[in-house]
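The values are calculated or read from the model by the stated rules, or taken from the named source; none is laboratory data. Just so we're clear, the structure is a prediction, and the values are computed from it rather than from any experiment. Every residue, glycine among them, receives a Cβ derived from its backbone with ideal geometry; neighbour counts consider all protein chains shown. When the accessible area is computed, the model is the full protein with side chains, heavy atoms only, and any ligands, DNA or RNA have been set aside. Shrake-Rupley method; radii C 1.70, N 1.55, O 1.52, S 1.80 Å.
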Amino acid sequence: MLNAVAGYKTTFCEVLFCLALLAVFLPVKIYPFVFLLASLAYFWDTPVLLRHYWVGFLGIFIGYASLTFLIHLPGDKREVTNFLKLPINFCYLYFAVGWLAQRDNTRLLRWVDSTLHVALGLTLLQLLLYHQAAGFRWLGGAPSSAHGSALYHPSHYFWGLDDKNMFGARIALLGFVYVLLPIVRRQALVWWRILLVGVLAWLSLSRTPMVALFLGVFCLLWAGTTFRWRVVLGIGVLLAIPFLAEKVIRIDSILASNDGMGVRLVYWKAFFQHFTAISPLGNGFMSGGDFLRRYADFYHGEPHIHNTFFTCYLEFGIVGLTSYVLFLFYFYRFCMEKQKNRPFLWVAFLPLLAILLILYSGYDNDVILYLVLVFLLGSSYRVGTERLRWRVGA
């Protein structure tokens, strides 16, 4: 009887884990409820609560961010809503990782693989619907960031996100997990998965997933091949640079005021030129808008400055930035302790780091899910401790 109850409890947790992956794609924002319910279920199914340095530094970050938010009350509805994401998302991270660390995740890996089939299949359908409504005139790439953003018409939105950059980042992160899954489960690199995720990134018209995926896939291939194939890979990259520069990075318009990268450069310049206007204790939660409105050459209304670490310092000062960086560092160390496969882990963390440097505020649900999934994959990868080893699979 007790074994049956334990089995139902474990199955319930695994179902919630997969539902949490799908919930973030829904237009109706029910994912906080799913995250909280899943956190309670993981707590219920975890024998011993997790203790590690990363947990301590994460607690410091949450505590200081909460104190900063409370000091600057009252906030508007948007600020309150965004702040609630911070404790809910990090709570999910803590309980999910603690649950995964103390169990056999073989069946869960199969379920996550099936869940990502569904999530990315619907993502393809959503992007094709956007392009169909635009007459497929941007299948060859958008001429500018503004044209790319115009593709995301609210009336055609049913899955994912209605923001080009955020949707692109989600495609990059979960898409790269999708590529890594067969390597973990069967030690096989599946080429059609790389192709599918690349097509999704291209159709999103966002440079963010293209750059992050290129870095991740390049390093994955580099780490898992011999010297001969590395030479071939290097030559291939050199030949692809002109195409990447023109079609992906859009280097000819990169400094334009309506270009996403141009906007980032202006915001980062304001951050460094007016660094002394930032209190060492931080200017307060979601203070990026006020800072950019005052000091940037132009401002397009974003609540952050498109760099997790700059935003972290701007909002929470030295304490927030230091605790967040140490949280990430010790989380990586924690993953290493569970599976000493350094090449796999640095390849897995690279796309996240690339995107953190150009987009997120740091406590977004995509970042949290990716960290959870990286731990799941890293702790399940049992082949090769010195280098990645895999074969080409179907």
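Results, tabulated for the structure shown:
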| item | result |
| --- | --- |
| Phe310, Phe158, reordered so the largest accessible area comes first (probe 1.4 Å) | Phe158, Phe310 |
| Most mobile listed residue (Ser380, Ser144, Ser155) in the chain, GNM with C-alpha springs under 10 Å | Ser155 |
| Estimated FRET transfer efficiency (Gln132, Trp192; beta-carbon r; R0 22 Å; 0.05) | 0.40 |
| From phi via Karplus (6.51, -1.76, 1.60), per-residue ³J(HN,Hα) for segment 205-212 in Hz, x at Gly/Pro | 6, 10, 6, 4, x, 5, 5, 5 |
| Phe158 paired with Phe218, simple spin-label distance in nm, labels 7 Å along Cα-to-beta-carbon | 3.8 nm |
| Long-range HN-HN contacts of Ala188 with modeled amide H, under 5 Å | Ile183, Arg391 |
| Full-stretch length increase - Leu37, Thr81 - with 0.36 nm per residue and alpha-carbon distance subtracted | 14.0 nm |
| Cα-based shape type of the chain, given that a ≥ b ≥ c are square roots of the gyration tensor eigenvalues and the cut on a/c is 1.5 | rounded |
| Exposure of Ser379 as accessible area (Å², to 10), given a probe of 1.4 Å and all protein chains | 20 Å² |
| Separation of the Leu50 and Gln102 label points, Cα + 7 Å toward Cβ, nm | 1.2 nm |
| Sequence-distant residues sharing a close amide H with Tyr360 (under 5 Å, placed H) | Thr308 |
| Phi-based couplings in Hz for segment 318-331 (Karplus 6.51, -1.76, 1.60; Gly and Pro marked x) | 4, 4, x, 5, 4, 5, 5, 4, 5, 4, 5, 4, 6, 5 |
| Ranked order, Ile30, Ile235, Ile62, Ile355 - accessible area, probe 1.4 Å, largest first | Ile235, Ile30, Ile62, Ile355 |
| Extreme residue, positive dipole direction of the chain, given options Pro182, Gly198, Pro32 (C-beta unit charges) | Pro182 |
| In order through segment 123-128: 3J(HN,Hα) via Karplus (6.51 cos²θ - 1.76 cosθ + 1.60), integer Hz, x for Gly, Pro | 4, 4, 4, 4, 5, 5 |
| Dipole moment magnitude, nearest 20 debye, the chain about Cα centre, only Lys, Arg, Asp, Glu C-beta charged | 1180 debye |
| Candidates Ala133, Ala96, Ala119: whichever shows maximal mean-square fluctuation once the chain is modelled as a Gaussian network with Cα springs under 10 Å | Ala133 |
| Protein-only accessible surface order, largest first, of Trp268, Trp159 at 1.4 Å | Trp268, Trp159 |
| Candidates Ala20, Ala134, Ala38, ranked by Gaussian network fluctuation over the chain, Cα under 10 Å, top entry | Ala134 |
| Solvent accessible area, Å² - Arg342, 1.4 Å probe, full protein context | 140 Å² |
| Three-way shape call for segment 1-135 based on the alpha-carbon gyration tensor, with the a/c threshold at 1.5 | oblate |
| Whole-angstrom gap from segment 33-63 to segment 334-360, using each part's C-alpha centre | 20 Å |
| Label-reachable residues, segment 100-115, where backbone N falls under 13 Å from a point 7 Å from Leu22's Cα toward its Cβ | 111-115 |
